Every structure is written in structure tokens, then in C-alpha cells.
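Undergrad: The structure follows.
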Amino acid sequence: MNKGLLIVLSGPSGVGKGTVCASLRRKMPDLVYSVSATTRAPRSGEQEGVNYFFKTKEQFQEMIARDALLEYAEYVGNYYGTPREFVEKTLNEGKDIILEIEVQGALKVKEKFPDGVFVFLLPPSLGELKQRIVGRGTESQDKIDHRLAVAVEEMNLLSRYDYAVVNDEIDCACARIQAIITAEHCRRERFLHELFDELKGLTAAKNGSER
Ligand code: 5GP
């Protein structure tokens, strides 16, 4: 059985990764979502095990120590990380899984899973990005300034990704990501192993019957 696809959706802070990912999941119910662990406090409405696994710093460090995280990153004073076992199990079951994570973590995943599909979500413009970060309205000015500075640095990492998707309109962005996933499923490498195994089987059967 073919393994599932590991899809990493990343991009600068405030670009709308969370919104696009949530919409994509509604459109693709078979796409498995990797729930991250974090040390940040839950926002109103967020649920344990649905949005995040909320951890203390000690619990998070313990997860790092027992290699339970595929990657982790410190982001604006909090830790975020991807539980490893769930990702590996899902891929081995032949299911596609999506990680919605910030850029440093995405690059660490790329080292471990070079065959992953790395999608960088872009804002329609830098002005728009600033508007989205400021407009979130949930952070102090200090945090907004920091998020803006981080976002500019993050934009420089685009060259390390396989695909760039402009988030001009959520449905359009989702349609582009769905097209990418479909195309990745059609890559010839995914078929070569299976095809060769089948051919070998056929040849062995033919030789056996001729003897
Ligand atoms: P927020 O606090 O707004 O939910 O998330 C802050 C940032 O952390 C977002 O850019 C989000 O994509 C990222 N993030 C969420 N989960 C993970 C994770 O498991 N690993 C990494 N590296 N980043 C994550």
C-alpha cells in the first residue's frame, strides 16, 4: 500500500494558515489533521485535543526528552510542536495528513520527510499581511510588533518550499491546495514501486508456468 502524503502548510504569521486549513479540512473530510502541542494558553473557544494539546512547559520539555515530537519551535514566547507517532501512524495507514505550522518547524520536518509536500501560503501583499496581524485584535502592541518583524523574516524562506499559494480568497486558496494534493497523488514515483512489483510477480508466474 502506498503511504499517505505529508502536507505541510506554512507561511508567515498572520497570513491566514489557520483559516485556510480549517476550510480545507471541511472540503476534504478524509484529510487527517495533526493536532499540535503548545505551551500557550487556550484562547476562548479552543478545546483540548481539538485545537491543541495544551501543555505546561515541563510537560512540553518531557515530550522533547522522549522524542515524542517530530519538530518543535519556540514562537513568540511559547513552544509549539507536532506529536510524532500520530503522523507516522497516519502515513503508514495510507492516509494523507496536514500539518499547519510556522516556518522554522516546517523546515525541520523537511529534513526528516524530504518527500513531504511543502506549501507556502502568501499574503496578496505585505500591506495586507500587516492589516491581518494588527486586525487580529487579540494581542498587545508589543506582541503585534514582534509578529510583524517575524513575518518579514519568514517571507524570506519561500525558496525552500515546493509550492506557493496566494491567500487572496479562501476558497481560491483551498482550490489551489486541493489541486496540488491531486497532482502529488499522480506523481509517477508513487506508482513505480507498485508497478514494478506487479510486473515482477507476472514475470515470475510466467516463468513458473513455462517450466
Ligand atoms: P497560534 O498561537 O496563533 O495558534 O499559532 C502561532 C503559530 O504557531 C502559527 O503560525 C501556527 O502555524 C504555529 N504552530 C501551530 N502548531 C505548530 C507546531 O506544531 N509546530 C510549529 N513549529 N508551529 C506550530
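Undergrad: Taking 2.2 N^0.38 Å as the expected size of a compact globular protein, what ratio does the Cα radius of gyration of the stretch 158-203 give against it, to two decimals? Walk me through the intermediate numbers first.
TA: On the way: Rg = 16.5 Å, N = 46, 2.2 N^0.38 = 9.4 Å.
Normalised by 2.2 N^0.38 Å, the Cα Rg of the stretch 158-203 equals 1.75.
Undergrad: Right, here's the next one. In nm², what is the average projected area of the convex hull enclosing the Cα atoms of the stretch 113-211?
TA: Average projection, Cα convex hull of the stretch 113-211: 9.4 nm².
Undergrad: Enter the per residue convex hull volume of the chain, computed from alpha-carbon coordinates, in Å³ rounded to the nearest integer.
TA: 141
Undergrad: Give me the percent of the accessible area of the chain that comes from carbon and sulfur atoms, probe 1.4 Å, all protein chains in place. Walk me through the numbers before you get to the answer.
TA: Working: 6270 of 12000 Å².
Result for the chain: 52 percent of the exposed heavy-atom area is carbon or sulfur.
Undergrad: Continuing with this model, one more query. Can you list the residues, at least 5 places off or on another chain, whose amide H is less than 5 Å from the amide H of GLU71, using H built in the peptide plane?
TA: Excluding prolines and chain starts, which carry no amide H, the hits are THR82.
Undergrad: Can you tell me the order of 77-90, 37-50 when each peptide is scored by its average per-residue count of other Cβ atoms within 10 angstrom, highest first?
TA: So the peptides 77-90, 37-50, ranked by packing, come out 77-90, 37-50.
Undergrad: Moving on. Taking the mean number of other Cβ atoms within 10 Å as a proxy for protection, how do you rank 91-101, 193-203 from highest to lowest?
TA: Most protected by this proxy first, the peptides run 91-101, 193-203.
Undergrad: Is the shape of the stretch 50-123 rounded, prolate or oblate, going by the alpha carbon gyration tensor and its root eigenvalues a ≥ b ≥ c, with a/c under 1.5 for rounded and a/b larger than b/c for prolate?
TA: Oblate is the answer for the stretch 50-123, as a/c is 1.5 or above yet b/c matches or exceeds a/b.
Undergrad: Share of Cα-Cα pairs in the stretch 1-103 beyond 22 Å, in percent?
TA: Result: 30 percent of Cα pairs exceed 22 Å.
Undergrad: At 222 nm, what helix-only mean residue ellipticity would the chain give, in deg cm²/dmol to the nearest 500, using -39500 (n - 2.57) for each DSSP H run of four or more?
TA: -15000 deg cm²/dmol
Undergrad: Evaluate the charge dipole of the stretch 61-211 about its Cα centre and quote only its size in Debye, nearest 20, assuming +1 on the Cβ of each Lys and Arg and -1 on the Cβ of each Asp and Glu.
TA: Dipole of the stretch 61-211, to the nearest 20 debye: 360 debye.
Undergrad: Compute the angle between helix 141-155 and the longest alpha-carbon principal axis of the chain, please, reported from 0 to 90 degrees and rounded to the nearest 10.
TA: On a 0 to 90 degree scale, this one is about 30.
Undergrad: In degrees, nearest 10, range 0 to 90: what is the angle between the Cα axis of helix 170-185 and the longest Cα principal axis of the chain?
TA: Roughly 30 degrees, rounded to the nearest 10.
Undergrad: Treating the angle as unsigned and between 0 and 90°, give the value, to the nearest 10°, between the Cα long axis of helix 103-112 and the longest Cα principal axis of the chain.
TA: That works out to roughly 20 degrees.
Undergrad: Using a 1.4 angstrom probe, figure out how much accessible area the chain has per residue, in square angstrom, rounded to the nearest whole.
TA: Working: 12000 Å² over 211 residues.
So the chain comes to 57 Å² accessible per residue, rounded to a whole number.
The values are calculated or read from the model by the stated rules, or taken from the named source; none is laboratory data. None of these values were measured; they are calculated from a predicted model. Note that we place each Cβ from the backbone using ideal geometry, even for glycine, and neighbour counts take in every protein chain shown. The protein model used for the area step is the full one, side chains on, heavy atoms only, and it has no ligands, DNA or RNA in it. Shrake-Rupley method; radii C 1.70, N 1.55, O 1.52, S 1.80 Å.
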